[in-house]
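The values are calculated or read from the model by the stated rules, or taken from the named source; none is laboratory data. These figures come from a predicted structure and were not determined experimentally. Neighbour counts run over all protein chains shown; Cβ positions are idealised from the backbone, glycine included. These area figures cover heavy atoms from the full protein model, side chains too; ligands, DNA and RNA do not enter into them. Shrake-Rupley method; radii C 1.70, N 1.55, O 1.52, S 1.80 Å.
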Amino acid sequence: MPAARESTLVVHEIEPVFDERSRVLVLGTMPSPVSRAEGFFYGHPQNRFWRVMEALFDLPDHALADNDTRRAFLLEHQIALWDVLASCTIEGASDASIHHARPNDLRRILDAAPIEAVFTTGTKATQLYHRFCEKDCGMPATPLPSTSPANARMRLPDLVQAYRPIRDVLES
């Protein structure tokens, strides 16, 4: 029987990506250990977030291969990216194990940018946004499926279609 993972207190140290032109806010839950080591969002090579963005915005495969290119892409496309949580205890990257959650202050982005829509990536991010942030932010979140490798039931084309509302907002 495998040993149980130990819960660790994780403090979010990756700065949000946004500027005064950001129109949509995409929120995950908390960076994975790989993302924290990379120092940027969705850093695990099996996470499909960046592949979804490439397909959604008609970019070539691997166009968003490094963090500088990813940051530039987000800003160019008026997408703000951060996470719902500022800290929590968590076992590895398991959202289901989250306890003692403390939210990020999303007003930091909302007060600086004309955000028109909030999107949450995954069930736990959606639950936590609703619990901690929605009232203060004054707008509901549109839930999107997780791009994590743990969400293996969704194929890449299905994820791209599910993420289409982000592009729809930006094209309106």
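So if each residue of separation counts as 0.36 nm, and I subtract the Cα-Cα distance between residue 154 and residue 76, what length gain in nm does that give? Please list the in-between numbers first.
Working: separation 78, 0.36 × 78 = 28.08 nm, distance 2.78 nm.
Answer, rounded to one decimal: 25.3 nm.
Once phi is turned into ³J(HN,Hα) by the Karplus curve 6.51 cos²θ - 1.76 cosθ + 1.60 with θ = phi - 60°, what whole-Hz value does each residue of region 12-29 show in order, with x for glycine and proline?
5, 10, 8, 5, x, 9, 5, 8, 5, 9, 4, 10, 10, 10, 10, 10, x, 8
Share of region 6-140's accessible area from carbon and sulfur, percent, 1.4 Å? Numbers along the way, then the final one.
Values: 3120 of 6430 Å².
Here carbon and sulfur together make up 49 percent of the probe-accessible area.
Please give me the summed charge of the neighbours of residue 69: other residues whose Cβ is under 15 Å from its Cβ, Lys and Arg +1, Asp and Glu -1.
Details: positive: 51, 70, 71; negative: 38, 54, 61, 66, 68, 76.
Around residue 69, the charge tally is -3.
Add +1 for every Lys or Arg and -1 for every Asp or Glu among the other residues with Cβ under 14 Å from the Cβ of residue 53, and state the total.
Within the 14 Å Cβ shell, the charges total +1.
With θ taken as phi - 60° and the coefficients 6.51, -1.76 and 1.60, list the Karplus ³J(HN,Hα) couplings across region 122-128 in order, rounded to whole Hz; mark glycine and proline as x.
x, 4, 5, 4, 5, 4, 5
With every protein chain left in place, what is the accessible area per residue of region 1-130 in square angstrom, probe 1.4 Å?
Heavy-atom SASA per residue in region 1-130 reads 49 Å².
What residues qualify as long-range amide H neighbours of residue 133, i.e. H under 5 Å apart, gap of 5 or more or another chain, H built at 1.01 Å from N?
Hits under the 5 Å cutoff: none.
Go through region 91-172 and name the GluC sites (Glu not before Pro) that are in a DSSP coil and have 14 or fewer other Cβ atoms within 10 Å of their Cβ. Write down the numbers at each step before the final one.
On the way: sites: 91, 116, 134, 171; in loops: 116.
When the GluC sites (Glu not before Pro) of region 91-172 are filtered for loop state and at most 14 Cβ neighbours within 10 Å, 116 remain.
Normalised by the residues of the chain, what does the relative contact order come to in percent, with Cα pairs under 8 Å and at least six apart? Before the final figure, lay out each step's value.
Numbers: 299 pairs, mean separation 52.6, N = 172.
Here the relative contact order equals 31 percent.
Take the alpha carbon gyration tensor of region 42-116, find the square roots of its eigenvalues, order them as a ≥ b ≥ c, and report rounded if a/c is under 1.5; if not, report prolate when a/b exceeds b/c, else oblate.
On the way: a/c = 2.82, a/b = 1.29, b/c = 2.18.
Taking the square roots of the gyration eigenvalues as a ≥ b ≥ c, region 42-116 is oblate.
5 Å is the cut-off here: which amide hydrogens, built 1.01 Å from N in the peptide plane, fall below it relative to residue 85, excluding neighbours closer than 5 in sequence?
104
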